[in-house]
Amino acid sequence: MPRARPPALVLAALVPAVLVALLAACTGELGDPESALPDASAPRPTPDASPCPEASILAYDNFGGPFMSQYCTGCHGSAVPEAMRQEAPLGVDFDTLDLIRMQAERIYVRAADEDTMPPGGGPHPDDRRLLAEWLLCGAP
């Protein structure tokens, strides 16, 4: 089954972030822990930027928390020692809903829209679609 494309508004919101990431890669700033921190002015996937299905029942308790625990916090957890983070930047942690929301755009791009995270594979495409929905609904 072909992967669903995000709506044009999502693409418009994500283009600046992708350009920043490409520029950082070209300038060698990706290794800088400060460059891994979220830019508060960067657009994030939200219900305003893209449609959230009215009938969505996804919430942190029934989807987001368990998903992050299963696929993300093994490397992106504040208690994970640097040597065990599999190159996950220090400070890019998903221990709480607030931390996840701060990184929602990055999570969307890397784990819902693309399948670059987790690096060893991971969620089924259907679960990635649910992650996209949950993030686009504002990670309730």
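The values are calculated or read from the model by the stated rules, or taken from the named source; none is laboratory data. The structure presented is a predicted model; accordingly, all values stated were derived computationally and were not measured. As a convention, Cβ positions derive from the backbone with ideal geometry for all residues, glycine included, and neighbour counts pool all protein chains shown.
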Problem set entry | Subset tally (residues that are surrounded by 12 or more Cβ atoms within 10 Å (Cβ to Cβ), part of a loop (DSSP other than H, G, I, E, B) and among the aliphatic types (A, V, I, L, M)) for the stretch 78-124 | 5
Exercise. What are the residues in the stretch 88-108 that are in contact (Cβ under 8 Å) with a residue 24 or more places away in the chain and over 20 Å from TYR60 (Cβ atoms), if any?
Worked result: PRO89, LEU90, GLY91
Seminar exercise, completed: Quick count over the stretch 113-140, residues being over 17 Å from GLY74 (Cα atoms) and at pLDDT 90 or above, is 17
Seminar exercise, completed: With criteria (1) outside any helix (DSSP H, G or I); (2) touching a helix residue (DSSP H, G or I) at 6+ places or on another chain (Cβ under 9 Å); (3) small (Gly, Ala, Ser), ALA132 comes up short on (1)
Problem set entry | Cβ pairs under 7 Å, 6+ apart, first in the stretch 51-67 and more than 14 Å from ALA104 (Cα to Cα) and at pLDDT below 95, second polar (S, T, N, Q) and surrounded by fewer than 13 Cβ atoms within 10 Å (Cβ to Cβ) | none
